[in-house]
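Following: one structure in structure tokens, then a few remarks.
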């Protein structure tokens, strides 16, 4: 069965309250991931160097948004 998610950008004025472990000048986008029910699953941080991080954990990175979102969804199961 295919999962459906929604990804929306978090406004930059809200980054300070959401970011953990990152310098704001190293971030390109901060994205909120929600399931079909609208419940927030987590966040994905897109860095200026093209890497993606889940839930503010800089020790693990992903090469694409799709890969990071897939791992985030799998963590729910």
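Computed from the coordinates by the stated procedures, all read-outs in this text should not be read as laboratory data. Because the structure is predicted, anything quoted here is derived from the model rather than measured. Heads up, the Cβs are rebuilt from the backbone with ideal geometry, glycines too, and the neighbour counts pull from every protein chain shown.
Here are some notes:
- For region 5-74, the percent of C-alpha pairs falling in each 5 Å distance bin, counted from 0 to the bin holding the largest distance, reads 3, 18, 33, 26, 15, 4, 0.
- Efficiency of FRET between residue 66 and residue 23 - r from beta-carbon atoms, R0 35 angstrom, step 0.05: 0.90
- When shorter helices are ignored and each DSSP H run of at least 4 residues is given -39500 (n - 2.57), the per-residue value for the chain at 222 nm works out to -4500 deg cm²/dmol.
- Rounded to the nearest 10 degrees, the angle from helix 65-74 to the longest Cα principal axis of the chain is 50 degrees.
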